[in-house]
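A.B. asks: My structure is below; once you've seen it, I'll send some questions.
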Amino acid sequence: MKTGLNVSQMLIREHLIDGELNTGEEIALKIDQTLTQDATGTMVMLEFEAMEIPRVKTELSAQYVDHNLIQSDFKNPDDHLFLRSACKKFGVHYSRPGNGVSHPVHMERFGKPGKSLLGSDSHTCAAGSMCMLAIGAGGLEVALAMAGEPFYVRMPKIFGVKLINKLNDWVSAKDIILEMLRRYDVKGGVGKIIEYYGPGLKNLTAMDRHVIANMGAELGATSTIFPSDDNLRRFLKSQKREHDFVEITADENCEYDEHDVIDLSKLEPLIAKPSSPGNVVRVAEVEGREIYQAMIGSSANPGLRDFAIPALVVDGKQVHDRVSLDLNPTSRQILENLSAGGYLTKLIHAGGRIHQAGCNGCIGMGQAPATGKISLRTVPRNFPGRSGTKEDQVYLCSPETAIASALTGKITDPRNLKIKYPEFVENDEILINEDMLLMPSKDSESIELEKGPNIMPLPEFEPLNQNYELPVLLKLKDNISTDEIMPAGSKVLPFRSNIPEISKFVFDQIEENFYERAIENKDTGFIIIAGENYGQGSSREHAAIAPRYLGLKIVIAKSFARIHRQNLINFGVLPLQFDNFSDYDNIGNGDVIKVEKIIDQLNESDIITIINHSNDQKIQTNHRLSKREKRSIIEGSLINVIKKKN
């Protein structure tokens, strides 16, 4: 019998422009929708402007202002006005500041099963919850998709995860994705799409699935995909968009490249300890540790139930007097429904601090915890210093665990509260708010872009040389995140449209004087050495552009996170991998690396031989670049390639 298709294969085949569905081979995909947010979208709009294309060519493109909401000076509001003008000019939907986090708002208003979505945010994969082929990418790739160009990616393996049985009380969707991280850590999804199926799905709402799909990014997965079934139909109907529903389910005789089973009835409350989403243990193992903060919200727990359940738990009670209970509504629509249902009053009365609808503390925009004190958060990431406090102690958990701990003042397994688990069923009729979404202007020619003084043009990057002798300026361990390469937060992100200024913060979390040392080597260039999974986390291309601006020519690592590797290529930084991991130990800080006839080597094979000039040792590395990627490296950036093409 002929083998059928799983849902991932169906979606990929539907959007395939070039290539074959052979694992590891480069394929080209047609992109229906794009998503940008302000921390990355400002650069996307500048890149799109540079292409001199009058309007986007996608079915729908949407720009959200959700990250940089703190207005401590002119920079953020200036960029908001720039984005508003760019959306009007280029034909993009604009979600105003305070309207909510991009991913849940896109799901509420624009997401459609069967469509492809490319976003300049690593958590774009959250839309896989509604059976979209949703992938996070670097900003330049999103700008190209807006221009009608295909998106290139290596064909991933399809990892099927069967869910059986039903979650017990006090265990929720966050515990499912934490279980996946407990099993597979932050590298377990690299090069894979994770597809969930099985009878356990019938009790998971569309927003429950969003929780799981969102944090597929923390597994390093290319995307996460759920089928389009009655639960998704119910969600779209509640959003008055049932006409967008189409049923998409896997063929009965389909197969997966890898497979696992999760028995939902056997899960218990889980928590990720500092400072990695993969550092997962049972809540019971860390119970009793004193906390300072409990934060509920973010794209990782965006649903109405993620606030309503905590509201019902604290009804008539007060959180511990040492605890800051920070509540980040994920969309203005959810905020209105929380208010209409009386849940907001319960949270406020219990001591909750209500913040505007947006990313807020998840991206280090306020809500920083006290020095060395524990913060429990329903956010997707707990990388070192991401909270805004350098010596932070951030734990990732479910809303149930967060609110139980807020009441007691210490990490608490919510099952130990000795109260009945609240019953919550979302109404079929909810308040819909579209008033803060601006439609694209039909008259775009007359619109001028509003550029404040902080918006600078993109730097120009020189082509690759044949020969290099470069010092190793920094040697890094495994799992270095883009937050550690290019920090976020209220101090740094306002410079997202000003590369010379934002470059002053490169590797600031790791070495405070790195910028000064890099500037000394800017003209000649330098190399970075790294361990496994280099560049995990956020898709922000500033983590590639800013080091490149400072003189970074080559990164040699044991392995790379997918999006960051592509961002390096897009801006002309050569990503090399050690053929033999033991060679990592034979290169130290300050060593000088010699690479001869590098362009010839690139064109001849996948192997690049480097010489450690400090000890005359030859080391073999590989690049595994496609022909298209090689051209970006040789020309100095993908932008240079586009300029030559045009």
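A.B. asks: Anything in region 190-239 that is within 14 Å of the chain's Cα centre (by Cα) and among the small types (Gly, Ala, Ser)? List them, or say none.
C.D. replies: Ala213, Gly216, Ala217, Gly220, Ala221, Ser223
A.B. asks: Quick check on my filter: what residues within region 22-58 are surrounded by fewer than 24 Cβ atoms within 10 Å (Cβ to Cβ), of a type in the set (Ser, Thr, Tyr) and over 16 Å from Phe151 (Cβ atoms)?
C.D. replies: Result: Thr23, single match.
A.B. asks: Here is a follow-up. Return only the number of the condition from (1) among the small types (Gly, Ala, Ser); (2) without any contact (Cβ under 8 Å) to a residue 60 or more places away in the chain; (3) surrounded by fewer than 18 Cβ atoms within 10 Å (Cβ to Cβ) that Ala284 does not satisfy.
C.D. replies: (2)
A.B. asks: OK, next. I'm told Ala488 meets every condition in (1) closer than 15 Å to His623 by Cα; (2) within 23 Å of the chain's Cα centre (by Cα) except one. Can you identify the failing condition by its number?
C.D. replies: (1)
A.B. asks: Something else: Lys162 is checked against (1) in a strand (DSSP E or B); (2) within 24 Å of the chain's Cα centre (by Cα) and fails just one. What number does that condition carry?
C.D. replies: The failed condition is (2).
A.B. asks: Restricting the search to region 509-544, which residues are acidic (Asp, Glu) and surrounded by 19 or more Cβ atoms within 10 Å (Cβ to Cβ)?
C.D. replies: Glu532, Glu541
Per-residue answers, yes or no, for (1) out of contact with any Leu (no Cβ under 6 Å at 6 or more places or on another chain); (2) charged (D, E, K, R); (3) within 19 Å of Asp18 (Cβ to Cβ):
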residue	(1), (2), (3)
Glu108	yes, yes, no
Lys112	yes, yes, no
Ser129	yes, no, no
Met132	no, no, no
Gly139	yes, no, no
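A.B. asks: Residue under question is Leu312, and the condition is that it be more than 25 Å from Gly364 (Cβ to Cβ), surrounded by fewer than 22 Cβ atoms within 10 Å (Cβ to Cβ), not assigned by TED's automatic domain parsing to the domain that holds Gly100 and not small (Gly, Ala, Ser); does it hold?
C.D. replies: yes
A.B. asks: Give the residues of region 487-517 that are in a loop (DSSP other than H, G, I, E, B) and either of a type in the set (Asp, Glu) or in the same structural domain as Asn76 (by TED's automatic domain parsing) (or both), sorted by residue number.
C.D. replies: Hits for region 487-517 are Asp508, Glu511, Glu512.
A.B. asks: Looking for whichever is in contact (Cβ under 8 Å) with a residue 40 or more places away in the chain and crowded, with 23+ Cβ neighbours inside 10 Å here; the options are Pro459, Pro463, Pro380. Which one fits?
C.D. replies: On inspection, the qualifying residue turns out to be Pro380.
A.B. asks: Using the structure shown, decide if Leu178 is touching a residue at least 12 places away in the same chain (Cβ under 8 Å), buried (at least 23 other Cβ atoms within 10 Å of the Cβ) and either of a type in the set (Ser, Thr, Tyr) or within 21 Å of Arg562 (Cβ to Cβ) (or both).
C.D. replies: Judged against the criteria, Leu178 is not a match.
A.B. asks: For region 410-428, how many residues are assigned to a loop (DSSP other than H, G, I, E, B) and either out of contact with any Phe, Trp or Tyr (no Cβ under 9 Å at 6 or more places or on another chain) or of a type outside the set (Ser, Thr, Tyr) (or both)?
C.D. replies: Qualifying residue count, region 410-428: 13.
A.B. asks: Something else: Within region 578-613, track down each residue that is of a type in the set (Gly, Ala, Ser) and either closer than 15 Å to Phe526 by Cα or touching a Cys at 6+ places or on another chain (Cβ under 9 Å) (or both).
C.D. replies: Gly588, Gly590
A.B. asks: Name every residue in region 59-78 that is buried (at least 22 other Cβ atoms within 10 Å of the Cβ) and among the hydroxyl-bearing types (Ser, Thr, Tyr), in order of residue number.
C.D. replies: Result: Ser61, Tyr64.
A.B. asks: How many residues, within region 334-363, are assigned to a loop (DSSP other than H, G, I, E, B) and aliphatic (A, V, I, L, M)?
C.D. replies: Within region 334-363, residues that are assigned to a loop (DSSP other than H, G, I, E, B) and aliphatic (A, V, I, L, M) number 2.
A.B. asks: For region 379-409, enumerate the residues that are in a loop (DSSP other than H, G, I, E, B), closer than 15 Å to Lys273 by Cβ and among the polar types (S, T, N, Q).
C.D. replies: Scanning region 379-409 gives Asn382, Ser387, Ser398.
A.B. asks: From the set of residues in region 196-216 that are touching a Pro at 6+ places or on another chain (Cβ under 9 Å) and farther than 15 Å from Ile164 by Cβ, which is surrounded by the most Cβ atoms within 10 Å (Cβ to Cβ)?
C.D. replies: His210
A.B. asks: Go through region 109-137 and give me each residue that's assigned to a helix (DSSP H, G or I) and among the aliphatic types (A, V, I, L, M).
C.D. replies: Ala126, Ala127, Met130
A.B. asks: Right, another one. Could you check Glu149 against (1) closer than 18 Å to Thr205 by Cβ; (2) in a loop (DSSP other than H, G, I, E, B) and say which number it fails?
C.D. replies: Looking at each condition in turn, Glu149 falls short on (1).
A.B. asks: Now for a different question. What pairs come up if the first residue lies in region 190-204 and is assigned by TED's automatic domain parsing to the domain that holds Lys157, the second is in a helix (DSSP H, G or I) and among the aliphatic types (A, V, I, L, M), and their beta carbons are under 6 Å apart, counting only those six or more places apart or on different chains?
C.D. replies: Final answer for the pair search is Glu195/Val7; Gly200/Leu264.
A.B. asks: Out of Arg241, Arg234, Arg209, which single residue is out of contact with any helix residue (DSSP H, G or I) (no Cβ under 6 Å at 6 or more places or on another chain) and within 30 Å of Pro414 (Cα to Cα)?
C.D. replies: Selected residue: Arg234, the only one of Arg241, Arg234, Arg209 that is out of contact with any helix residue (DSSP H, G or I) (no Cβ under 6 Å at 6 or more places or on another chain) and within 30 Å of Pro414 (Cα to Cα).
A.B. asks: When you check Gly366 against the structure, is it part of a loop (DSSP other than H, G, I, E, B), touching a strand residue (DSSP E or B) at 6+ places or on another chain (Cβ under 7 Å) and at positive phi, yes or no?
C.D. replies: no
A.B. asks: Just to be sure, is Gly372 at positive phi and touching a His at 6+ places or on another chain (Cβ under 7 Å)?
C.D. replies: no
The values are calculated or read from the model by the stated rules, or taken from the named source; none is laboratory data. Computed from a predicted structure; not experimentally measured. Glycine also receives a Cβ, built like all others from the backbone with ideal geometry; neighbour counts cover every protein chain displayed.
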